[in-house]
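The values are calculated or read from the model by the stated rules, or taken from the named source; none is laboratory data. Note that the structure is predicted; figures quoted are calculated from it, not measured. The area values use the complete protein model at the heavy-atom level, side chains included, leaving out ligands, DNA and RNA. Shrake-Rupley method; radii C 1.70, N 1.55, O 1.52, S 1.80 Å.
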Amino acid sequence: VLIWVRRWKGTKVGEIPLRNFAQAINDIKAKNGLFITSTELTPSAEGSMNMLSKVTVVYPDQLAALLADLI
């Protein structure tokens, strides 16, 4: 699993960072990846999520729940 954590200020996450992440997942031959972000996705990024099956986006409120399961 590849994990990327990005903090975005004043903007939403676009399609290009998600596609770059998906390429990095393929480059290292990972089974899937978690893209942890501090903001929402743009509409085009949300639309591209259907084609990026190995990418899972984790929002701040979801991160707390994931960490609670691990601790």
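Taking the chain as a Gaussian network of alpha-carbon nodes connected by springs under 10 Å, the highest mean-square fluctuation of the residues T42, T56, T11 belongs to T11. In the assembled protein chains, R19 presents an accessible area of approximately 100 Å² (probe radius 1.4 Å).
Surface composition of the chain: carbon plus sulfur atoms hold 56% of the accessible area, using a 1.4 angstrom probe and ignoring ligands, DNA and RNA.
Cross-link reach is defined here as a Cα-Cα straight distance under 17 Å, omitting same-chain residues fewer than 8 places apart; for K31 the lysines meeting it are K54.
Gyration tensor analysis over the Cα atoms of segment 23-64 returns equivalent ellipsoid semi-axes of 19, 14, 7 Å (largest first, whole Å). Put simply, the Cα atoms of the chain extend 31, 31, 19 Å along their principal axes, the longest span coming first.
For the chain, adding -39500 (n - 2.57) for each run of n ≥ 4 DSSP H residues and dividing by the number of residues yields -12500 deg cm²/dmol at 222 nm.
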